[in-house]
Amino acid sequence: NAGVMQNPRHLVRRRGQEARLRCSPMKGHSHVYWYRQLPEEGLKFMVYLQKENIIDESGMPKERFSAEFPKEGPSILRIQQVVRGDSAAYFCASSPPGTIPEAFFGQGTRLTVV
Amino acid sequence: AQSVTQLDSQVPVFEEAPVELRCNYSSSVSVYLFWYVQYPNQGLQLLLKYLSGSTLVESINGFEAEFNKSQTSFHLRKPSVHISDTAEYFCAVTLNTGFQKLVFGTGTRLLVSP
């Protein structure tokens, strides 16, 4: 059973470009979470999705950021018109349906904006 | 809202010495508690968790943590550390009404020297 897969592992974008980060949850997991880790900081929750639904986006910046988890395919975190402050590690986690209290993390995508 | 405080940003220790990484949380409702470990350029791995029952929980690699409700703490301990334990350790909480987003502390970097 493969773990949570994120790609790309490293992404370099120029200011103003778009960044698309992908996350394939573990098999059987229908819940996906995105977190952002800024340098020397802990992880901050961004968004919680279930298939085709956004459950909680209280941690998402109001502009330029969006997330989706379609019926088929990976979850996508999209950042439009990136700025230097978007440089961070973005982690995806998944958990199974129900109330099993555990999340499994991917290895992250390290976004660098130049 | 929940919050997690890890007062020690860095803990240096010699190999085979004991170590304690401190974690305090704040919440008006009951929570689940977790410790995650992050090795350089890797994702987070679950080390151990407290859901209910015995307040002392153990991991397979010798770490243990004790839930103390009166002190709202969940400190992580190991009686004898190895060089390979060098990593970043994150304490996290989530509501116990159903797994949703994790709230993380800022992390403690454990540095084990020979």
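Only the coordinates and a few stated rules stand behind these numbers; no lab work does. Note that this is a predicted model, so its numbers are computed, not measured. With ideal geometry, Cβ positions are generated from the backbone for all residues, glycine too; neighbour counts draw on all protein chains shown.
Roughly how crowded by other chains is peptide B:100-109, in terms of the mean Cβ count from those chains within 10 Å of each of its Cβ atoms? Can you show the working numbers first?
Numbers: counts 10, 14, 9, 4, 7, 2, 4, 5, 0, 1.
Counting Cβ atoms of other protein chains within 10 Å of each residue's Cβ and averaging gives 6.
When Cβ neighbours within 10 Å are restricted to other protein chains, what is their mean count per residue of peptide B:38-47? Could the numbers behind the result be given before it?
Working: counts 7, 0, 0, 6, 4, 12, 11, 3, 4, 0.
Whole-number average of other-chain Cβ neighbours for B:38-47 is 5.
Identify all lysines with a Cα-Cα distance to A:LYS44 below 21 Å; exclude those on the same chain that are fewer than 8 residues away in sequence.
Answer for A:LYS44, where 21 Å is the Cα cut-off: A:LYS62, B:LYS49, B:LYS101, listed by chain and number.
If a/c stays under 1.5 just call it rounded; otherwise compare a/b with b/c (prolate if a/b is bigger, oblate if not). Do that for the protein assembly as shown, with a ≥ b ≥ c from the square roots of the Cα gyration tensor eigenvalues.
Details: a/c = 1.89, a/b = 1.43, b/c = 1.33.
Prolate is the answer for the protein assembly as shown, as a/c is 1.5 or above and a/b outweighs b/c.
Pairs of Cα atoms under 8 Å, at least six residues apart: use those to get the relative contact order of chain A, whole percent. Don't skip to the end; give the middle numbers.
Numbers: 287 pairs, mean separation 42.0, N = 114.
Contact order relative to length: 37 percent.
Out of all DSSP beta bridges with both ends in chain B, state the antiparallel percent to the nearest 5. Before the final figure, lay out each step's value.
Numbers: 34 of 39 bridges.
Of all bridge pairs located within chain B, approximately 85 percent are antiparallel.
Express the relative contact order of chain B as a whole percentage, based on alpha carbon pairs under 8 Å and six or more residues apart in sequence.
Over chain B, the number comes to 38 percent.
Over the stretch A:61-114, what is the relative contact order in whole percent, taking alpha-carbon pairs under 8 Å and six or more residues apart? Walk me through the numbers on the way to the answer.
Values: 64 pairs, mean separation 16.5, N = 54.
Relative contact order of the stretch A:61-114: 31 percent.
Whole angstrom only: what separates the Cα centroid of the stretch A:7-46 from the Cα centroid of the stretch B:62-114?
Between the Cα centre of the stretch A:7-46 and that of the stretch B:62-114, the gap is 23 Å.
Regarding chain B, what is the average projected area of its C-alpha convex hull, in nm²? Walk me through the numbers before you get to the answer.
Numbers: hull surface 27.8 nm².
In nm², the orientation-averaged hull projection of chain B is 6.9.
Sort B:HIS82, A:HIS31 so the one with the fewest other Cβ atoms within 10 Å of its own Cβ comes first. Please list the in-between numbers first.
Details: B:HIS82 12, A:HIS31 21.
Ordered from fewest to most neighbouring Cβ atoms within 10 Å, B:HIS82, A:HIS31 come out as B:HIS82, A:HIS31.
Tell me the label-point distance for the pair A:ARG64, B:GLU20, using the 7 Å Cα-to-Cβ offset, in nm and rounded to one decimal.
Going from the A:ARG64 label point to the B:GLU20 one covers 4.4 nm.
Identify the trypsin sites (Lys or Arg not before Pro) of the stretch B:1-103 meeting these criteria: DSSP loop state and at most 10 other C-beta atoms within 10 Å of the C-beta. Show your work: numbers first, answer last.
Values: sites: B:ARG22, B:LYS49, B:LYS69, B:ARG77, B:LYS101; in loops: B:ARG22, B:LYS69, B:LYS101.
Those that pass, being in a loop and sparsely packed, are B:LYS69.
Kindly put B:THR86, B:THR108, B:THR5 in sequence by how many other C-beta atoms sit within 10 Å of each C-beta, fewest to most.
On the way: B:THR86 17, B:THR108 21, B:THR5 14.
Lowest count first: B:THR5, B:THR86, B:THR108.
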